[in-house]
Amino acid sequence: MAQALVGVLLCYAAVTKAFTIPMFAFVIQSTVPFAGNASTSTLIVLAQAVVFVEIFVGSSLVLHFYSRPMRVVAVGMFVAFSGILSMQLAEENPISCGCLGISPDGMGSHAEIVFGLMRNVFLIAILAAVSVYRKRGFSQSEPKDVSQQVQSA
Amino acid sequence: MKKLNTLSWVKLVLVLGVSILVLGYSVWITSSARSGSRERKSERLNATEDSMEWAQGFEMVSFQAVKSAHEGDLGDDQAIDSIESVLERAKVYNQAGLDDSAIESIVRVASEFIYYRFVLDDPERYIRWRLQRDDQFRGMEALYVKAQVALDYEEFFGESLTDQTPLSQSFTRLYEHQRSLWASRYTPIGYAVDPESVLVVSATHNPIVGEQDIDLGDPQLNRLWLETLVGGHRSWFRGKTDHDQLKANLEKYQVATVGIVIEYENMERRTLYLGILRSGTGGDWSVEALSATDTAFTGGLIEF
């Protein structure tokens, strides 16, 4: 359930970005290192690639399709996004990234970034907790399965 | 490699289907917007060239002539009166159904703006005029971050703006620096004084329904005034009527556009538009927007 919620959030982020690709391309240009001099076409392709990965990973998490690798990819994405946010935090006048579109209106840019970082940490924690829970769930069930196998043998 | 079972195949098809659908939509909406924008830009470029050619037919008065004709203690008011006498001869497209006194106050505000911003071209006098009108500098967050003043400041002067820098100081510094970037094709030297060279339009905007379309009743006039390539300039002040607040409260408001023809140092003539607004229930007019016809947008901004 928790994994599906993160998946829904990723899908939501992808869909909102899909509506405003030029704006998202501008955010990439302004925030991602080395993207400042990229051509408009490159930035748009990059923005669409991020949207594709987000919707792919998000819908996979919702449908429990290759859950474990998708959780790893999602955590990787959140870590990368957080890295970019942290770099923005160091700027005196950071631009508003509008990440995930779920930061409350009227926040200052720095407050918005801190909110984004906390949100990403929370999402990473959810995915980590799901992984740990599943691992423990399987490891607890494994001896039972083995014993059943021994008994049946 | 592990073989996929039927359920996994179904999930793969669903995941890929949704992903391709969203990606396809984003590619389609972006490319259609870009190609539509290219077509519109080409049409607007043609209209801009026609508008510039049309503007060559008007009689011009230089800002320097207005300034030197009215030097002295009463100079400001006399100079503003002389600009007002030009603007008030314009045909008014009164779509908002304003009364005569409202139209007069629109013309007065526009005349004062032209005088303090273009004729005097002195940032300190301009600030003083805005503050005398009870206008205020917009907030630091709105100016420095949203209007990208801080980014420009750092790029131009290699220094960071801090919260301690007075807004009047950063305004003056950017005002003067932008002027140094103008070059001849962006340096305004005068304005046209024929009645046909001035446009006064009023409209009512409703944040729920949207903006009221402007129609001058003549396709050619619409093309020359309203379909040119136009770039906006940076507003530093907020009037007594706060546009953002009106929109946030979903209140109707009245918008007046005053258009004039400006001559630049390279003798090109292009239209310039002043956006003035007030609440739908009346009150004082606030200078909210300034935009100018242009084909290249390579000059500095007009900070106002």
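No lab work stands behind these numbers, since they all come straight from the coordinates. Nothing here was measured: the structure is a model prediction, and the numbers come from that model. Reconstructed Cβ throughout: ideal geometry from the backbone, glycine too, with neighbour counts over all protein chains shown.
List nothing, just return the count: lysine pairs in chain B, 8 or more apart or interchain, with Cα separation under 23 Å.
Working: B:2/B:11; B:3/B:11; B:146/B:240; B:146/B:247; B:240/B:252.
Close lysine pairs under the 23 Å cut-off: 5.
Rounded to the nearest 20 debye, the dipole magnitude of the range B:124-264 is 360 debye, with +1 charges on Lys and Arg beta carbons, -1 on Asp and Glu beta carbons, and the Cα centre as origin.
3J(HN,Hα) couplings calculated from phi for the range A:113-123 with the Karplus curve 6.51 cos²θ - 1.76 cosθ + 1.60 (θ = phi - 60°) are, in sequence order, 5, 4, 4, x, 5, 5, 4, 5, 4, 4, 5 Hz; Gly and Pro show x.
Shape of the range B:257-304 from its Cα gyration tensor (a ≥ b ≥ c, root eigenvalues): rounded if a/c is under 1.5, otherwise prolate when a/b > b/c, or oblate? All intermediate terms of the calculation are to be shown ahead of the outcome.
Details: a/c = 3.41, a/b = 2.38, b/c = 1.43.
Taking the square roots of the gyration eigenvalues as a ≥ b ≥ c, the range B:257-304 is prolate.
Coordinate range of the alpha-carbon atoms in the range B:55-131 per principal axis, descending: 37, 36, 20 Å.
Projecting the Cα atoms of B:301, A:33, B:279 onto the charge dipole of the protein assembly as shown (Cβ charges, centred on the Cα centre) puts A:33 farthest toward the positive pole.
Can you compute the helix-only [θ] at 222 nm over the protein assembly as shown? Use -39500 (n - 2.57) per DSSP H run of at least 4 residues, normalise by all residues, nearest 500 deg cm²/dmol. Can you show the working numbers first?
Numbers: 13 runs with 244 residues, N = 457.
One gets -18000 deg cm²/dmol as the mean residue ellipticity at 222 nm.
Cα-based Rg of the range B:154-251 per 2.2 N^0.38 Å, rounded to two decimals?
Values: Rg = 18.8 Å, N = 98, 2.2 N^0.38 = 12.6 Å.
Output field value: 1.50.
By the Cα gyration tensor, the range B:75-118 has an equivalent ellipsoid whose semi-axes, rounded to whole angstrom, run 21, 9, 9 from largest to smallest.
Summarising the overall dimensions of the protein assembly as shown from its C-alpha atoms, the Rg and Dmax are 28.7, 112 angstrom. Taking the square roots of 5 times each eigenvalue of the Cα gyration tensor of the range B:30-81, largest first, gives ellipsoid semi-axes of 43, 15, 6 Å. Phi angles of the range A:36-52 translate, via the Karplus equation with coefficients 6.51, -1.76, 1.60 and θ = phi - 60°, into HN-Hα couplings of x, 9, 5, 6, 4, 4, 4, 5, 5, 4, 4, 4, 5, 5, 5, 4, 4 Hz per residue; Gly and Pro are given as x. Our note on the geometry: Cα centres of the range A:30-65 and the range B:161-212, 37 Å apart. Maximal additional length on extending the residue A:110-residue A:125 stretch stands at 3.1 nm, based on 0.36 nm per residue less the C-alpha distance.
Counting only Cα atoms, the range B:64-218 measures 49, 48, 32 Å along its principal axes, largest extent leading. Under a Gaussian network description of chain B, with springs only between Cα atoms under 10 Å, the residue in B:110, B:90, B:33 that fluctuates furthest is B:33. Shown for B:3, B:146: other C-beta atoms within 10 Å of each C-beta, ranked fewest to most, produce the order B:3, B:146.
Remark: the range B:254-264, residue by residue, has Karplus-estimated 3J(HN,Hα) of 9, 10, 10, 10, 10, x, 9, 9, 9, 9, 9 Hz, where x stands for each Gly or Pro and the curve is 6.51 cos²θ - 1.76 cosθ + 1.60 at θ = phi - 60°. Partner aspartates and glutamates whose Cα lies under 17 Å from the Cα of residue A:135, excluding those fewer than 8 positions away in the same chain, are identified as A:145. Hydrodynamic estimate: the Kirkwood radius of the range B:1-101 over Cα pairs, inserted into Stokes-Einstein at 25 °C and 0.890 mPa s, corresponds to D of 117 µm²/s. Here the convex hull built on the C-alpha positions of chain B has a volume of 207 cubic angstrom per residue.
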